[in-house]
1. Would you list 20, 67 from fewest to most Cβ contacts within 10 Å?
2. Suppose we look only past 17 Å in the calculated P(r) of segment 7-68. What percent of the Cα-Cα pairs does that tail hold?
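No value in this document is a laboratory result; all are computed from the given coordinates. Because the structure is predicted, anything quoted here is derived from the model rather than measured. Reconstructed Cβ throughout: ideal geometry from the backbone, glycine too, with neighbour counts over all protein chains shown.
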């Protein structure tokens, strides 16, 4: 990661609490972050909003339709171990 590059941080604080942050680190002032600590079930919508913001800030093309749909299925392998 480079200074000034946007990032999303997700931290599991406990079994029922998640810290979700969006920020742009600054060499002189440290990370400039928008941060929430939320119950586990409420953290995902905030994470998705931050992902959309990160895409908009870093990608030249619009967010693809299949990613924007609220219930879009992700076709990726899930590691269990």
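1. 67, 20
2. So the pairs more than 17 Å apart make up 47 percent of the total in segment 7-68.
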